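*Asks:* Got a structure for you, questions after.
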Amino acid sequence: LEPLPPYPQEGHVFRASALSRDQKWLAGTIYSAAGRRIPGIAVYSFDDQQYKVVTGFGSWPNWLSDSRRLVFSNENALYVADRVTGETRKFASVNGEIPFGVSVSRDDREIFFAQAAYESDIWLVTIE
């Protein structure tokens, strides 16, 4: 195992989240040195040892079986992006909370994701 080369933009770090099925690509997101996520999806090529930004928005990328297209979430929708052409297309809207943890079945016929619901109550107490 070897570490990935540093991300070329000073002060930024690539955090991989998915290995392509052909094992030639990593998909992930870029973070600032302070740990803040930079919007967008990036990929790393093991063959070329180069990074490429695929989209300027989104998070939680995962590969389809062709190792060319990625599914990812952004706000309340799911998208597919082509790493070669850069074309991005919304294919589903999601009600409720923002989807995360996008995963794809081996035959690309099912997509799974999680949603978190955040609720809170405020209680007032009278102290005597």
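*Asks:* Using a Gaussian network for the chain with springs between C-alpha atoms less than 10 Å apart, which of these wobbles most: THR85, THR29, THR55?
*Replies:* Result for the chain, Cα springs under 10 Å: THR85 fluctuates most.
*Asks:* Tell me which residues come under 5 Å, amide H to amide H, from LEU64 once H is placed; ignore anything under 5 positions away on its chain.
*Replies:* Residues meeting the amide H criterion: ARG69, LEU70, VAL71.
*Asks:* Out of ARG37, ARG69, ARG83, any idea which swings most in a Gaussian network model of the chain, alpha carbons joined below 10 Å?
*Replies:* In this elastic network of the chain, the residue with the biggest mean-square fluctuation among ARG37, ARG69, ARG83 is ARG37.
*Asks:* Within the chain, what whole-number % of the accessible surface is contributed by carbon and sulfur, with the 1.4 Å probe and all protein chains included in the calculation? Write out the running numbers ahead of the final one.
*Replies:* Numbers: 4290 of 8770 Å².
Carbon with sulfur: 49 percent of the solvent-accessible area.
*Asks:* Kindly sort SER32, SER20, SER103 by accessible area of their heavy atoms, largest first, with the probe set to 1.4 Å.
*Replies:* SER103, SER32, SER20
*Asks:* Which value, in debye to the nearest 20, gives the size of the charge dipole of the chain about its Cα centre, when Lys and Arg are +1 and Asp and Glu are -1 at the Cβ?
*Replies:* 440
*Asks:* Determine the dipole magnitude for segment 64-104: charges of +1 sit on the beta-carbon of Lys and Arg, -1 on that of Asp and Glu, nothing else is charged, the reference point is the Cα centre, and the result goes in debye to the nearest 20.
*Replies:* 140
*Asks:* Sticking with this one: Using the Cα atoms of the chain to build a convex hull, what is its mean projected area in square nanometres?
*Replies:* That works out to 11.6 nm².
*Asks:* Related question: Could you tell me, in Å, what Rg and Dmax come out for the Cα atoms of segment 1-68?
*Replies:* When restricted to the Cα atoms of segment 1-68, Rg and Dmax are 11.5, 34 Å.
*Asks:* Let's see if you can work this out: charge +1 on each Lys and Arg Cβ, -1 on each Asp and Glu Cβ, no other charges. What is the dipole magnitude of segment 1-55 about its Cα centre, in debye to the nearest 20?
*Replies:* 280
*Asks:* Right, something else. VAL80 to LEU4: FRET efficiency via 1/(1 + (r/R0)^6), r the Cβ-Cβ distance, R0 25 Å, to the nearest 0.05?
*Replies:* It comes out at approximately 0.50.
*Asks:* Counting heavy atoms of the protein chains only and a 1.4 Å probe, report the per residue accessible area for the chain as a whole number of Å².
*Replies:* The answer is 69 Å² per residue.
The values are calculated or read from the model by the stated rules, or taken from the named source; none is laboratory data. Not measured: the values here are computed from a predicted model. Note: ideal-geometry Cβ built from the backbone for every residue, glycine included; neighbour counts use all protein chains shown. Side chains are part of the model used for accessible areas, which takes the heavy atoms of the whole protein and leaves out ligands, DNA and RNA. Shrake-Rupley method; radii C 1.70, N 1.55, O 1.52, S 1.80 Å.
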